[in-house]
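Trainee: Below is a structure I'd like to ask you about.
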Amino acid sequence: MKSNRKTYATLLGVLLCMFALVQTVFASNFSVKEYNEFHDVLHPLVHEALPAKDFQRIRANAGEFVKRGKALIKVGVPKGAAAADVEEFRRELKKFKSALDAFKKDAREGTDAQLENSFSAVHDSFEMLVGMLPRK
């Protein structure tokens with residue numbers, strides 16, 4: 001029985017390492033430069049600061065986060081986006097902009113709970129946009 005636990009623990013460890021490697025390799029590899037740049041700021045905040053409830057770190061990075069988010073908005077619908085996705089992409093960009101504006105306000109004067117909600121809304125909207133990006 002202990003042998004099975006050790007085998008399962010080893011297998012789980014190997015799988016987690018493989019998952020981390022895949023995430024690292026494919027993490028900022030989007031077809032649009034501004035999405036990579038935004039993700040570079042987003043990733044450590046969503047995977048390190050947010051789970052640790054380190055709202056001070058999120059607030060400290062808010063300026064760069066918003067700046068890169070605005071650059072992403074400025075791109076608009078990227079060239080090469082599927083024609084069927086253009087209207088949905090525009091709608092999601094509006095949601096992203098609204099979420100980013102709320103985040104900016106919450107980073108300055110909101111409670112930690114408000115900041116957590118608006119940050120999560122930006123993250124969720126970004127994930128939707130990424131799903132519609134043209135492939136490389």
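Trainee: Those residues that are part of a helix (DSSP H, G or I) and over 15 Å from the mean Cα position of the chain (by Cα), I need them from the range 38-70; list them, please.
Mentor: Correct list: 55, 56, 57, 59, 60, 63.
Trainee: Also, I was wondering about something else. Against the definition (touching a residue at least 40 places away in the same chain (Cβ under 8 Å) and touching a His at 6+ places or on another chain (Cβ under 8 Å)), how does residue 46 come out, yes or no?
Mentor: yes
Trainee: What are the residues in the range 71-106 that are at pLDDT below 95, surrounded by fewer than 17 Cβ atoms within 10 Å (Cβ to Cβ) and not in a helix (DSSP H, G or I), if any?
Mentor: 79, 80, 82
Trainee: Quick one: residue 124 ticks every box in (1) assigned to a helix (DSSP H, G or I); (2) touching a helix residue (DSSP H, G or I) at 6+ places or on another chain (Cβ under 6 Å); (3) of a type outside the set (Lys, Arg) except a single one, so which number is it?
Mentor: (2)
The values are calculated or read from the model by the stated rules, or taken from the named source; none is laboratory data. What you see is a predicted model; the values in this text were computed from it and never measured. In this analysis, Cβ positions are derived from the backbone assuming ideal geometry, glycine residues included, and neighbour counts consider all displayed protein chains.
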